[in-house]
Amino acid sequence: MSKKRMLLLGDEAIAQGAIDAGASGFYAYPGTPSTEIMEYAQHSKFAAERNIHRTWSANEKTAAEGALGMSYAGKRAMAMMKHVGLNVAMDPFVNSGITGANGGMIYTVADDPSMHSSQDEQDSRILGKFALIPILEPSSQQEAYDMVFHGYQLSEKYMTPVLMRITTRLAHSRAGVEVRDAISQNDLKLPEDKRQFVLLPAIARKRYKVLLENQKNFLAESENSVWNKYLDGNDKSRGIIACGLAYNYLMENYPDGCPHPVIKLCQYPAPENMIKKLVEECEEVLVLEDGMPMVEADLRGLLDRDVKVKGRMTGELPRDGELNPNLVAASLGLEMKEGSPVPEIVKPRPPKLCSGCGHADMYNAINEVIKGKYGDGHVFSDIGCYTLGALPPYQSINSCVDMGASITMAKGAADAGLFPSIAVIGDSTFTHSGMTPLLDAVIDKNNIIVFIADNSTTGMTGGQKSHAEGRAVEIVKGLGVHPDHIRTIVPIRKNHEEFVKIIEEELEYDGVSVIIPQRECMVTLAQKTRAAKKK
Amino acid sequence: MKCDIILAGVGGQGILSIATVLGYAAVESGFYLKQAEVHGMSQRGGDVQSNFRISDKPIFSDLVPKGKADLIISVEPMESLRYLPYLSETGWLITNTSPFKNIPDYPDEEKVIAEIKKQPRHIAIDADAIAKEVKNPRGMNMVLVGAASVFMDLDYELMKKGIEVIFGKKGQEIVDANIAALNAGREFSKKNK
């Protein structure tokens, strides 16, 4: 076996792991902090040589289904997404637990506790548990790499999809990873049971029993997993369960070894026997987990009897936000001396639209017409760089909820009688989840104006290819918007008056108008210009 | 050997090139390394930091604990102050003094410098000016690497080699210009520490 070391982000370690573990396809939609998994696979020469599928999907649902199709065909597949992306993919995710897998199938979901770049900090482990599938939670980049091999074996052994749960901190942290020799990809092989994936009620009921029957196997795998470790300690006044990355924060505080018994928990379902031993031997149990208090709540149970459990629910740790070494030290009662406080003169520096960004020109026009004449409160927006239009100096938008919600919320508000009712959505977000909302509005002949801010890229995540590139107008036409009310404009300063005029004209029209400001993202344009210069 | 560093700056200023050079030297020396970066939304002109840890022993946390950083290396003066709670009692604050003003309420520059000078161990260096002096106006980051090199148990020759490896594709001229920036920063720290 080769002993090659690479310096990899957690995301990159997972991509390299999947490539080396014989994956035949990656399926994903960009979303911080999961984006770099696909980007790494796309840039990997080895992945190209192996002819691995690695182009972006329209959204997380199509990604999950694509991966499931590859699994059906007997090959190893990975679907990657951020935590809220799993909500979009929830239908295939949960039902694939019931169909089961054929070729190895891993969902890699990157959670974002502390909401560094997200709308919420939901914990995907809870959704993995909901889908009744095994969950892996690496505590290091090396484990992330190795666990992909393990995950595929587990998946094929029990014919089940597996969830790999990581968080921002691991996704975007770099460390040395020892890589293995690559193994070959699976051959095309259809499922033995040709009705395995047909979830007609009669079949689904049988398949569900198979999944339920498998629970004891999944538990046994966790009890015997190399990733779950019972590390004994002399001081039984407290036992500690440290999940995933939290184990590192614990050990950071005990460089010479933890005096208390510790369970390092990286594979779920939670190993019951191991935890039972800890509970019986120790006076109390402290649970350290990044995200929501899942293990803690399970351990406490509804009636909070018998076991003394501490953690996020009892105030030893904050109920929300990402863990760190200092918070864990405080929960252990250890003192940690901080440096001097941040001087008062230090001001927050929030992110903002790049200088020269076309979204700014769009908001200047919208503000002049809409906010200027009708006041604040008429603009529903979406997820992307243009969400920064909520901040000064624009303060143009009044909502950001989920991918695609701008159009449907504008529709609902118009149904309620709001005029004008405006939606602002990016081109990539539009093809992710905005097309069906627009169809709803067209069918109902809603009086709304939809801005599709078309910068030919998925900007916020760093400029990935947008499915809408070059086809936004055709899609809108195809969905039934009247061609006279599909307006395009180049959003630059000298076109401001024309932009304002277009908005005013469309306000006169009682129906669905779509205005498409089209100008490439400054960042991707600069990248392309630099690349062209090099040539 | 253990060195915990907070790299600080504003999204787009390129703090990660500092990490790349130091990372090269650390890995070539056989040290363990963990480096947590900021990707995504904050990159658009917001405050960004990277936790950079090297050690001759395995490293657990990807994050530097508060009160444990040996160095803060900041490419922007106000940003250097944002991470003071991380600096250890014996740690050094190394910062560029040229401000990056992209917010309307940026504090008075003199007050920022005064706060930096309150720190018992600091290097306040006009890295932008020094980079221009060595005719490498884009080499500000390497000036700061040079300034920090004095306080690190990391082979200086390997840092130079890191620059060769990273900038080599762009030609020998760029490599030399960045090594000149590195040397200038190092000289400044030697004189002013």
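Quick query: amide H of residue B:74 versus all other amide H atoms, modeled in the peptide plane; which residues come in under 5 Å with a sequence gap of 5 or more or a different chain?
Those qualifying (amide H under 5 Å, at least 5 residues apart or on another chain) are B:8, B:94, B:95, B:96.
Gain in length, residue A:498 to residue A:525, computed as 0.36 nm per residue apart minus the alpha-carbon separation, to one decimal in nm?
Working: separation 27, 0.36 × 27 = 9.72 nm, distance 2.42 nm.
Using 0.36 nm per residue and subtracting the Cα-Cα distance, I get 7.3 nm.
How much length is gained if the chain between residue A:6 and residue A:439 is pulled fully straight, taking 0.36 nm per residue apart and subtracting their Cα-Cα distance, in nm to one decimal?
151.1 nm
Mind checking the per residue accessible area of the stretch A:333-440 for me, 1.4 Å probe, whole number of Å²?
In whole numbers, the stretch A:333-440 has 41 Å² accessible per residue.
Label-point separation (nm) for residue A:280 and residue A:120, each offset 7 Å from Cα along Cα-to-Cβ?
3.9
Given R₀ = 41 Å, FRET efficiency for residue A:477-residue A:231 by Cβ-Cβ distance, to 0.05?
E(calc), rounded to 0.05, equals 0.05.
To the nearest 20 Debye, how big is the dipole of the stretch A:4-223 about its Cα centre, given +1 on the beta carbon of each Lys and Arg and -1 on that of each Asp and Glu?
Around 640 debye, computed over the stretch A:4-223.
Hey, which of these cross-link pairs are over 18 Å Cα-Cα: B:34/B:190; A:4/A:75; B:161/B:193; A:347/B:111; A:236/A:277; A:82/A:352?
Among B:34/B:190; A:4/A:75; B:161/B:193; A:347/B:111; A:236/A:277; A:82/A:352, the Cα-Cα distance tops 18 Å for B:34/B:190; A:4/A:75; B:161/B:193; A:82/A:352.
Going by accessible area, probe 1.4 Å, with all protein chains left in place, what is the ranking of B:90, A:108, largest first?
Reading off the accessible areas and sorting them downward yields B:90, A:108.
Could you tell me the calculated FRET efficiency between residue A:320 and residue A:484, based on Cβ-Cβ distance and R0 = 60 angstrom, to the nearest 0.05?
Working: r = 49 Å, r/R0 = 0.82.
Efficiency for this residue pair is about 0.75.
What is the distance, in nm, between label points placed 7 Å from the Cα along the Cα-to-Cβ direction at residue A:153 and at residue A:212?
If labels sit at residue A:153 and residue A:212, their model points lie 3.1 nm apart.
Using 20 Å as the Cα-Cα cut-off, could you pick out the over-long pairs in A:337/B:68; A:534/B:101; A:157/A:209?
Table pairs above 20 Å Cα-Cα are A:534/B:101.
Any idea of residue A:469's accessible area? Nearest 10 Å², probe 1.4 Å.
Looks like 70 Å² after rounding.
Kindly report the accessible area of chain B per residue (heavy atoms of protein chains, probe 1.4 Å, no ligands, DNA or RNA), in Å². Write down the numbers at each step before the final one.
Numbers: 7830 Å² over 193 residues.
Accessible surface, normalised per residue, equals 41 Å².
Got a number for the accessible area of residue B:92? Probe 1.4 Å, square angstrom, nearest 10.
Counting only protein heavy atoms, the figure is 50 Å².
Considering the dipole of chain A built from charges on the beta carbon (Lys and Arg +1, Asp and Glu -1) around the Cα centre, which of A:96, A:330, A:142 is farthest to its positive end?
Final value for the positive-end residue is A:142.
Which of A:152, A:419, A:203 sits closest to the plus end of the dipole of chain A, meaning its Cα is farthest towards the positive end, when Lys and Arg get +1 and Asp and Glu get -1 on the C-beta?
A:152
Compute the accessible area per residue over the stretch A:105-246, keeping the other protein chains in place, probe 1.4 Å, unit Å².
On the way: 5760 Å² over 142 residues.
Using a 1.4 Å probe on heavy atoms only, each residue of the stretch A:105-246 averages 41 Å².
Of the heavy-atom accessible surface of the protein assembly as shown (probe 1.4 angstrom), what whole percent is carbon and sulfur? Walk me through the intermediate numbers first.
Values: 15600 of 29840 Å².
In the protein assembly as shown, the share of accessible area belonging to carbon and sulfur is 52 percent.
Quickly work out the residue B:138-to-residue B:57 label distance, labels modelled 7 Å from Cα along the C-beta direction, and quote it in nm with one decimal.
4.2
With +1 on the Cβ of every Lys and Arg and -1 on the Cβ of every Asp and Glu, and nothing else charged, how large is the dipole of the stretch A:137-270 about its Cα centre, in debye rounded to the nearest 20? Present the calculation step by step, with values, prior to reporting the outcome.
Values: 17 positive and 16 negative charges, 150 e Å.
The dipole magnitude comes to about 720 debye.
Which parts of the stretch B:76-112, residue by residue, lose 30 Å² or more of accessible area when the rest of the protein chains are there, as against the chain isolated (1.4 Å probe)?
So the qualifying set is B:78, B:81, B:82, B:84, B:85, B:89, B:102, B:103, B:105, B:107.
With r defined as the distance between the Cβ atoms of residue A:376 and residue A:90 and R0 fixed at 35 Å, what FRET efficiency is calculated, to the nearest 0.05?
Given R0 = 35 Å and the Cβ-Cβ separation, E is 0.55.
May I ask you to evaluate 6.51 cos²θ - 1.76 cosθ + 1.60, the Karplus curve with θ = phi - 60°, for each residue of the stretch A:79-87 and list the ³J(HN,Hα) values in order in whole Hz, giving x for glycine and proline?
The phi angles translate into 10, 10, 6, 7, 4, 6, x, 5, 4 Hz.
Which one, A:512, A:473, B:29, projects farthest toward the positive side of the charge dipole computed for the protein assembly as shown from Cβ point charges (K/R +1, D/E -1)?
B:29
Compare each residue of the stretch A:156-173 in its chain alone against the assembly with all protein chains, and report those whose accessible area goes down by 30 Å² or more; 1.4 Å probe, heavy atoms.
A:169, A:172, A:173
Which order do you get for A:61, B:135, B:190 if you rank them by accessible area with a 1.4 Å probe, largest at the top? It would help to have the intermediate numbers written out before the result.
Values: A:61 75, B:135 170, B:190 105 Å².
Ranking A:61, B:135, B:190 by accessible area, largest first, yields B:135, B:190, A:61.
State, in square angstrom and to the nearest 100, the accessible area buried between chains B and A, both chains counted, probe radius 1.4 Å.
4000
What number comes out for the charge environment of residue A:414, summing +1 per Lys or Arg and -1 per Asp or Glu over other residues with Cβ under 15 Å away?
Combined, the nearby Lys, Arg, Asp and Glu give -3.
What is the protein assembly as shown by shape, rounded, prolate or oblate, if you read a ≥ b ≥ c off the alpha carbon gyration tensor as root eigenvalues and call it rounded for a/c under 1.5, prolate for a/b larger than b/c, and oblate otherwise? Walk me through the intermediate numbers first.
Numbers: a/c = 1.55, a/b = 1.03, b/c = 1.51.
Cα axes put the protein assembly as shown in the oblate bin.
Which order do B:33, A:327 take when ranked by solvent-accessible area (1.4 Å probe, heavy atoms of all protein chains), largest first?
Values: B:33 10, A:327 55 Å².
Sorted by accessible area, descending: A:327, B:33.
Counting Lys +1, Arg +1, Asp -1, Glu -1, what net charge surrounds residue B:193 among other residues with beta carbon under 12 Å of its beta carbon?
Counting the neighbours of residue B:193, the net charge comes to +3.
Using the crude model of +1 on Lys and Arg Cβ and -1 on Asp and Glu Cβ, and no other charge, please compute the dipole size for the protein assembly as shown relative to its Cα centre, in debye to 20.
On the way: 82 positive and 93 negative charges, 312 e Å.
With only Lys, Arg, Asp and Glu charged at Cβ, the dipole is about 1500 debye.
Add +1 for every Lys or Arg and -1 for every Asp or Glu among the other residues with Cβ under 11 Å from the Cβ of residue A:87, and state the total.
So the surrounding residues net to -2.
Per-residue accessible area for residue A:165 at 1.4 Å probe radius, Å² rounded to 10?
About 0 Å², ignoring ligands and nucleic acids.
How well do other chains shield peptide A:484-496, expressed as the mean number of their Cβ atoms within 10 Å of each residue Cβ? All intermediate terms of the calculation are to be shown ahead of the outcome.
Working: counts 0, 0, 0, 0, 0, 0, 0, 0, 0, 0, 0, 0, 0.
That works out to 0 on average.
The values are calculated or read from the model by the stated rules, or taken from the named source; none is laboratory data. The structure presented is a predicted model; accordingly, all values stated were derived computationally and were not measured. Every residue, glycine as well, gets a Cβ built from its backbone with ideal geometry; the counts of neighbours run over all protein chains shown. The area values use the complete protein model at the heavy-atom level, side chains included, leaving out ligands, DNA and RNA. Shrake-Rupley method; radii C 1.70, N 1.55, O 1.52, S 1.80 Å.
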